[in-house]
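*Asks:* Could you have a look at this structure, given as structure tokens, before my questions?
The values are calculated or read from the model by the stated rules, or taken from the named source; none is laboratory data. All figures in this text were calculated on a predicted structure; none of them were measured in a lab. All Cβ positions, glycine included, derive from the backbone under ideal geometry; neighbour counts span all protein chains shown. These area figures cover heavy atoms from the full protein model, side chains too; ligands, DNA and RNA do not enter into them. Shrake-Rupley method; radii C 1.70, N 1.55, O 1.52, S 1.80 Å.
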Amino acid sequence: MILETLGSVVLGLALAWAALRTLSPRLPSRRAVLGTGALGALFGAGLTHSVLGPGHAAATLVGSVLISAVTLSLLLRPHSRRLNRSAAA
């Protein structure tokens, strides 16, 4: 259980770091993104472990990465586009 927890936190931080590298203009502060990635993975590991039970370490890590990706996606802001308004409006 300890190795699953540490592995999921490391994977969550790696996923958050990759999101910061690719989507940094659309994300909030670096600290918030890294914290969300790690805590999302930790929550995902706990949830997956409680559903599957012991003995499914690989599935627990996959579940933790998926939950971390979902929580990180909630931080994304939309693209900043100018609205085109018609002259009649």
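*Asks:* Which residues does a label at Leu52 reach in the range 1-36, if reach means a backbone N under 16 Å from a point 7 Å past the Cα toward the Cβ?
*Replies:* 1-12
*Asks:* So, one more: What full-extension length gain, to one decimal in nm, is calculated for Val10 and Arg77 as 0.36 nm per residue of separation minus the Cα-Cα distance?
*Replies:* Stretched fully, the Val10-Arg77 segment lengthens by 21.7 nm.
*Asks:* Could I ask something else about it? Quickly work out the Arg21-to-Ala59 label distance, labels modelled 7 Å from Cα along the C-beta direction, and quote it in nm with one decimal.
*Replies:* That separation, rounded to one decimal, is 3.1 nm.
*Asks:* With the chain treated as a Gaussian network of Cα nodes joined by springs under 10 Å, which of Thr36, Thr22, Thr60 yields the largest mean-square fluctuation?
*Replies:* Maximum fluctuation in the GNM of the chain, among the listed residues, is at Thr22.
*Asks:* Quickly estimate the mean residue ellipticity at 222 nm for the chain, helices only: each DSSP H run with n ≥ 4 gives -39500 (n - 2.57), and the total goes over all residues, rounded to 500.
*Replies:* Here the helix-only value at 222 nm equals -24000 deg cm²/dmol.
*Asks:* Find me the longest stretch of the chain that has none of the exposed trypsin sites (Lys or Arg not before Pro), where exposed means in a DSSP loop (not H, G, I, E or B) with at most 15 other Cβ atoms within 10 Å.
*Replies:* Value returned for the longest uninterrupted segment is 1-80.
*Asks:* To the nearest 10 square angstrom, what accessible area does Ser73 show with a 1.4 Å probe?
*Replies:* Taking all protein chains as shown, Ser73 has close to 60 Å².
*Asks:* State, as an integer percentage, the relative contact order of the chain based on alpha-carbon contacts under 8 Å between residues 6 or more apart.
*Replies:* Worked out over the chain, it gives 35 percent.
*Asks:* What order do His49, His79 take when sorted by accessible area (1.4 Å probe), most exposed first?
*Replies:* His79, His49
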